[in-house]
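The values are calculated or read from the model by the stated rules, or taken from the named source; none is laboratory data. Model, not experiment: these values are computed from the prediction. Here the Cβ is made from the backbone with ideal geometry for all residues, glycine too, and neighbour counts use every protein chain on show.
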Amino acid sequence: MSFAFSTIRELRKQLLAKEVHPTELIESLLDQISSVDPKVKAYIHLHPERALEAAKKADISLPLGGVPIAVKDLISVRGEPCTCASRILEGYIAPYDATVIERLRSAGAILLGRTNMDEFAMGSSTENSAWGMTHNPWDLSRVPGGSSGGSAAAVAAHEAIAALGSDTGGSIRQPAAFCGCVGLKPTYGRVSRYGLTAFASSLDQIGPLTKTVADAALLLESIAGADPRDNTCDPEPAPSFSAKLGEEIRGMTLGIPKEYFVSGIDPEVEAATKQAISHLEGLGATLREISLPHTAYSVASYYLVATAEASANLARFDGMRYGRRAKDCDDLLETYGRTREEGFGREVKRRILLGTYALSCGYYDAYYLRAQKVRMRIRQDFLAAFRHCQAIVTPTSPTPAFRLGERAEDPLQMYLADIFTIAVNLAGLCAISLPCGFTQSGLPIGLQIIGPMRQEETILQVGHAYEQSTDWHTLRPSLS
Amino acid sequence: MAKRAFPLLPETGAFRYGYFVPTVAIDVAYVAELARFRLSPEEIETFGSQLEQVLAYVKKLEEVEVREVALIGEEESFQNRLRPDRPLPELTRSEVLENAPQKADGLFLVPRILE
Amino acid sequence: MTYEAVIGLEVHVQLKTETKLFCGCRNEFGAEPNSHLCPVCLGLPGALPVPNEEAVIQTILTGLMLGSTIPPRAKFDRKNYFYPDMPKNYQISQYDQPLCLGGGVTLPVLSFPKDAQKEAQALANKKVRLVRIHLEEDVGKSFHLESCSGIDFNRAGTPLMEIVTEADLTTPEEAFALLTTLREILRYGKVSDVDMEKGQLRCDVNISVRLAGTEAFGTKREIKNLNSISAVRRSLKHEIQSQIELVSSGGAVVQQTLRWDDARGETIPMRTKEQAHDYRYFPDPDLLPIYTEGRLREEAARRVPELPEEKKSRLAETYGLSEYQASVLASGPPLADYFEQAARSSRNPVAVANLTLNDYLALRQDSPEPVSVPPEYLGELADLVSDGRLNSRQGREVLAILIQTPRPPKEIARERGLAQISDTQALEAFCREAISASPKSVADYKAGKAAAINALKGFVMKKTRGQANPQRIHELLELLLREP
Ligand SMILES: [Mg+2]
Ligand SMILES: [Zn+2]
């Protein structure tokens, strides 16, 4: 039998009961990968030998002992390429482990391979990858979402038991919604960013993509917590995120923001979300309409803050110390210009240009500073709302997965796809996306549960309660 | 010092956003030079019009009253997180130079720097 | 028409920390190229900076020594420009919230170049105001080869303090004095060795000229990367001269960034850094703000030393030294401490100062190996000389031995048979001998040639192998020659 379809929790039980050996597990996954990945294209590097080698020596007694995890290709793993799906990092071998990788290793996890993504995490469809697009396992003609599309697709297609992604404006939650899996963006500072190639430093967080809410809690437990190498990492020790799983949500107040159910939202998405909300009410939660008045400004604020930070973060990719350098250039300026011209894809260039402009002489106040101030307003909206509820429930994305190529050259339309996830990053909150239904044509729909800062236990509790009383998470794509 | 081309022309639309989308002109060539991109004339054209759309959209932010907003977060703890002045492990020289596109005598080689 | 120059300085000082500003790599000069690096200071994807507390404390300490205000909150910003010696293509620096604001430096006479110390500008005790002091990371070092450049990133990320003055300076000599004064204070605070050879002090200068007595500023030019105090003086001299020539012949100064070619003695316009003036500063999102109140400020305050000027006046007052003696002794805390220890074990601090300044420093400088004489021996030796038990030449002789093998000076004098003969009876015999042996000198003396007595003195000194007390011989000879 194949073990590829199992969750971490199930596998842990089987591993401890010696019903499966880690090597068998890796072999099962490799089988599944070789049968479906040619269609899905979730992975960009695989390390079968290394994974099998590690499986032989796996220490089952550790919290993730023997469990294979896929990692988005922008997290540094010592001795491995880390291309961020960009040509500009061609040939680069990372000489160090990210903090999350060190923690996965010491928790006993096995690193199986690297997943595809939008170049430097810039995109919502995983179409902007130098190594080709990833396809949605539920409909191969559609995008898996992005930027962690490879990680979401790998989990959904059972090519990975679980995966790490990163979320700057929805990059874990939106692909989780599009692919029908669970994706969690932790509170800003909860997980160390050391070793995560920066897109927008004040927004980026690493988080888990899993098959179940309980798995997300488990994976988060092993990667979260204080890290002296990241100045912005929360010095508080991470709590047990699984602690409240299984607790009832009766008596809890859930906020429903009125601004999230207005024009532009797909009717099937709206219907599924509303149904999920009444399901939660059925589980005993009290619903309360809340207002997040600055919602309409979040995309604009986000695109200025994120691109400004990115314009500086990506300046280091210049072909001088590592990565690809353009050949046959006459001088330094030409080398810079052509290396970056040839090395970066269009979306990355577009965003660097926007961010450079937003910071440039004379525009700082009008664009970057104003965007940061609006960001504070958005944050204040949430602080006010959380005085009346413990969590906020919304759709994850206004639409289900769209067709490949559909929005490729319409950046603004693409940016608007992140309208429900972006505000969470701007405010530094935590949020989870989990499956809450399917469209008529069989595309997954995601439900987003947003919590206050450092309240991952609460959103995991609500998500788990919903998941355990529905069966969306048990459905598998046919991949025919 | 020669004055740079002014990267942003004033709005041409006299109406507020919502009725009429103002066009915002961006000097893509100047910004590309700052970002060290060598763009073709066609790319300058395409990026220009795409970025103008985005900039017209972000003009929305002007609707928000931000005069009272302070950028110091209310949850800031006023605690420093500094590092003690103690050495930590370093990379070996071969690890450092392994990724260099060009190297010699332990140095990274780059195109000649003009002073 | 006379012109005056308006000069402002940006002084970059390498701090004396164990490790770099944002990572734990060693802050060490002269190591093998590219040997002190990690993902952070090499700007690898994913690496993050964490500030070094010691560098922050040293910067605040500098501010306290220079009378700056220390704002309660400071932050780091990114300064964006592309340069191959800068791993991230942005420099973490401080823009609008630096660690120190304001402050000033008073220029003492002796800080001026020797040849200018008698001029009015040196005697003015001018106070130069500071704009700010901030902390930033240094860049790597480039070597310009035939067809390409080679880069050593060891220096990249080491802590650099930037001290910015107001445009209060008007002459190259004042700029010189400002830098020597700053250097002394920084060494006092132990925040930097300010070793020029190691590039621990580098300076950018802004210069403009205007008609004397007018208020408006002329167009300024900037000379970047001057790496010695004397180069600052020389380049300013040159630049002021050429700006005045330009303006007085009806031309206009064009704003420019220059570099100084010390060998050729001229400024050369720089080509690269010019297009990079749009630095797009913004707060570094990887770094938390720094709150200076509490521990950081307290630790810096605890380390504030007695400053050079304070030490100078205290030494002069306490030990009755001349201003010159006090200034030289206060030129560095180790020398001043040494002097004070020696002076405490002596009855005559002025003699200790003389011995230190005239003999000890010279011997120490000439010695190929570092030397140290226990301060109490120096004090004792000063007493032997001032009591007349050794003459000054004998004092130097003992000191030379003392430097080789430290022992009580009395012991050395005894072993070497060094003792000044002050005993009148013994000396009288030698003097009589001299008189009878040199009738010509005696005759000359008696004929009114007072200098003839020197030949007689020389005779006695020779006979006593230099151990006679010259003052006593002189007195005795005069007495005996007056005898009928
Ligand atoms: Mg500077
Ligand atoms: Zn380092």
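Please work out if C:Ser235 is over 30 Å from B:Ala35 (Cβ atoms) and over 21 Å from the mean Cα position of the chain (by Cα).
For C:Ser235, the condition - over 30 Å from B:Ala35 (Cβ atoms) and over 21 Å from the mean Cα position of the chain (by Cα) - is not met.
Taking the conditions exactly as written (away from ligand 1 (no atom under 16 Å from the Cβ), in contact with a helix residue (DSSP H, G or I) (Cβ under 7 Å, 6 or more places away or on another chain) and assigned by TED's automatic domain parsing to the domain that holds C:Ile163), does C:Leu61 satisfy them or not?
The answer is yes for C:Leu61.
So if I check each of A:Leu46, A:Leu64, which one is surrounded by fewer than 24 Cβ atoms within 10 Å (Cβ to Cβ) and at pLDDT 95 or above?
Values: A:Leu64 fails: surrounded by fewer than 24 Cβ atoms within 10 Å (Cβ to Cβ).
Step by step, each of A:Leu46, A:Leu64 is checked, and only A:Leu46 is surrounded by fewer than 24 Cβ atoms within 10 Å (Cβ to Cβ) and at pLDDT 95 or above.
May I ask you to say which residue of B:Gln79, B:Gln102, B:Gln50 is within 30 Å of A:Ala366 (Cα to Cα) and either in contact with a strand residue (DSSP E or B) (Cβ under 8 Å, 6 or more places away or on another chain) or more than 7 Å from chain C (Cβ to nearest Cβ) (or both)?
B:Gln50
Let's see how each residue does on (1) in contact with a helix residue (DSSP H, G or I) (Cβ under 7 Å, 6 or more places away or on another chain); (2) crowded, with 16+ Cβ neighbours inside 10 Å; (3) of a type in the set (A, V, I, L, M, F, W, C):
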{"residue": "C:Pro305", "(1), (2), (3)": "yes, no, no"}
{"residue": "C:Lys312", "(1), (2), (3)": "yes, yes, no"}
{"residue": "C:Ala330", "(1), (2), (3)": "yes, yes, yes"}
{"residue": "C:Phe339", "(1), (2), (3)": "yes, yes, yes"}
{"residue": "C:Ala342", "(1), (2), (3)": "yes, yes, yes"}
{"residue": "C:Asn348", "(1), (2), (3)": "yes, yes, no"}
{"residue": "C:Thr356", "(1), (2), (3)": "yes, yes, no"}
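Taking segment A:188-217 as the region of interest, how many residues are assigned to a helix (DSSP H, G or I) and buried (at least 24 other Cβ atoms within 10 Å of the Cβ)?
4
All but one of (1) among the small types (Gly, Ala, Ser); (2) within 30 Å of C:Val304 (Cα to Cα); (3) outside any helix (DSSP H, G or I) hold for C:Gly250, so report the exception by its number.
Answer for C:Gly250: the failing condition is (2).
What number of residues within segment C:1-23 satisfy the criterion of being buried (at least 24 other Cβ atoms within 10 Å of the Cβ) and either among the aromatic types (Phe, Trp, Tyr) or near ligand 2 (Cβ under 10 Å from one of its atoms) (or both)?
Summing the residues that are buried (at least 24 other Cβ atoms within 10 Å of the Cβ) and either among the aromatic types (Phe, Trp, Tyr) or near ligand 2 (Cβ under 10 Å from one of its atoms) (or both) in segment C:1-23 gives 5.
Kindly list the number of the only condition in (1) part of a helix (DSSP H, G or I); (2) in contact with a helix residue (DSSP H, G or I) (Cβ under 7 Å, 6 or more places away or on another chain); (3) within 14 Å of chain C (Cβ to nearest Cβ) that fails for A:Met376.
(2)
Being within 14 Å of another protein chain (Cβ to nearest Cβ) and within 16 Å of ligand 2 (Cβ to nearest atom) is the requirement here; does C:Gly157 meet it? Walk me through it before giving the result.
Numbers: within 14 Å of another protein chain (Cβ to nearest Cβ): yes; within 16 Å of ligand 2 (Cβ to nearest atom): yes.
Answer is yes for this residue.
Does C:Arg432 satisfy being outside the structural domain of C:Leu329 (by TED's automatic domain parsing) and in contact (Cβ under 8 Å) with a residue 40 or more places away in the chain?
In short, yes.
Going by the structure shown, is C:Phe29 within 16 Å of ligand 1 (Cβ to nearest atom) and part of a loop (DSSP other than H, G, I, E, B)?
no
Is it the case that some residue within segment C:113-128 is away from ligand 2 (no atom under 15 Å from the Cβ), touching a residue at least 24 places away in the same chain (Cβ under 8 Å) and buried (at least 21 other Cβ atoms within 10 Å of the Cβ)?
Yes, segment C:113-128 contains a residue that is away from ligand 2 (no atom under 15 Å from the Cβ), touching a residue at least 24 places away in the same chain (Cβ under 8 Å) and buried (at least 21 other Cβ atoms within 10 Å of the Cβ).
Can you list the strands (runs of 3 or more DSSP E) lying wholly within segment C:119-237 that have 3 or more residues being touching a helix residue (DSSP H, G or I) at 6+ places or on another chain (Cβ under 9 Å) and within 16 Å of ligand 1 (Cβ to nearest atom)?
Correct list: C:127-137, C:159-165, C:201-211, C:221-226.
Among the residues of segment C:89-108, how many are of a type outside the set (D, E, K, R) and either in contact with an Asp or Glu (Cβ under 9 Å, 6 or more places away or on another chain) or over 24 Å from C:Leu169 (Cα atoms) (or both)?
The total comes to 13.
Report, ordered by the first and then the second residue, all pairs with beta carbons closer than 9 Å, sequence separation of six or more or different chains, a first member in segment C:304-326 that is among the basic types (Lys, Arg), and a second member that is loosely packed, with under 15 Cβ neighbours inside 10 Å and part of a helix (DSSP H, G or I).
So the pair list comes out as C:Lys312/C:Glu323.
Acidic (Asp, Glu) and surrounded by 15 or more Cβ atoms within 10 Å (Cβ to Cβ): does that describe C:Glu293?
When the stated conditions are applied, C:Glu293 does not pass them.
Enumerate the pairs (first residue in segment A:276-304 and hydrophobic (A, V, I, L, M, F, W, C) and part of a loop (DSSP other than H, G, I, E, B); second residue anywhere and surrounded by fewer than 20 Cβ atoms within 10 Å (Cβ to Cβ) and modelled with pLDDT under 95) with beta-carbon separation below 6 Å, excluding pairs fewer than 6 apart on the same chain, so at least 6 apart or on different chains.
Hits for this filter: A:Leu292/A:Glu259.
Could we say that C:Lys79 is among the basic types (Lys, Arg), more than 15 Å from ligand 1 (Cβ to nearest atom) and either out of contact with any strand residue (DSSP E or B) (no Cβ under 6 Å at 6 or more places or on another chain) or in contact (Cβ under 8 Å) with a residue 24 or more places away in the chain (or both) here?
no
Can you tell me which residues in segment C:273-319 are part of a helix (DSSP H, G or I), of a type in the set (Lys, Arg) and within 31 Å of the chain's Cα centre (by Cα)?
Matches in segment C:273-319: C:Arg295, C:Arg297, C:Arg302, C:Lys311, C:Lys312, C:Arg314.
Here are some conditions: (1) within 7 Å of chain B (Cβ to nearest Cβ); (2) under 30 Å from B:Val96 (Cα atoms); (3) touching a helix residue (DSSP H, G or I) at 6+ places or on another chain (Cβ under 6 Å); (4) not hydrophobic (A, V, I, L, M, F, W, C). A:Ser301 meets all but one. Which one does it not meet?
(2)
Within segment C:50-65, identify whether any single residue is touching a residue at least 12 places away in the same chain (Cβ under 8 Å), more than 9 Å from chain B (Cβ to nearest Cβ) and in a loop (DSSP other than H, G, I, E, B), and answer yes or no.
No, every residue in segment C:50-65 fails to be touching a residue at least 12 places away in the same chain (Cβ under 8 Å), more than 9 Å from chain B (Cβ to nearest Cβ) and in a loop (DSSP other than H, G, I, E, B).
Could you tell me whether segment C:35-51 includes any residue that is within 16 Å of ligand 1 (Cβ to nearest atom) and assigned by TED's automatic domain parsing to the domain that holds C:Val131?
Looking through segment C:35-51, none of the residues is within 16 Å of ligand 1 (Cβ to nearest atom) and assigned by TED's automatic domain parsing to the domain that holds C:Val131.
Do the conditions hold for A:Ala385, that is, is it small (Gly, Ala, Ser), within 7 Å of another protein chain (Cβ to nearest Cβ) and within 27 Å of the chain's Cα centre (by Cα)?
Details: small (Gly, Ala, Ser): yes; within 7 Å of another protein chain (Cβ to nearest Cβ): no; within 27 Å of the chain's Cα centre (by Cα): yes.
It is false that A:Ala385 is small (Gly, Ala, Ser), within 7 Å of another protein chain (Cβ to nearest Cβ) and within 27 Å of the chain's Cα centre (by Cα).
Go through (1) in contact with a Pro (Cβ under 7 Å, 6 or more places away or on another chain); (2) within 13 Å of chain B (Cβ to nearest Cβ); (3) within 16 Å of ligand 2 (Cβ to nearest atom) for C:Asn34 and report which single condition fails.
(1)
Considering each of A:Leu479, A:Leu460, A:Leu412 in turn, give the residue that is modelled with pLDDT of 95 or more and outside any strand (DSSP E or B).
Only one candidate qualifies: A:Leu460.
Mind checking which helices (runs of 4 or more DSSP H) fall wholly inside segment C:372-484 and carry at least 3 residues that are under 20 Å from C:Ala343 (Cα atoms) and among the charged types (D, E, K, R)?
Working: elements: C:375-386, C:392-404, C:409-415, C:424-437, C:439-446, C:453-463, C:470-482.
Passing ranges, in order: C:375-386.
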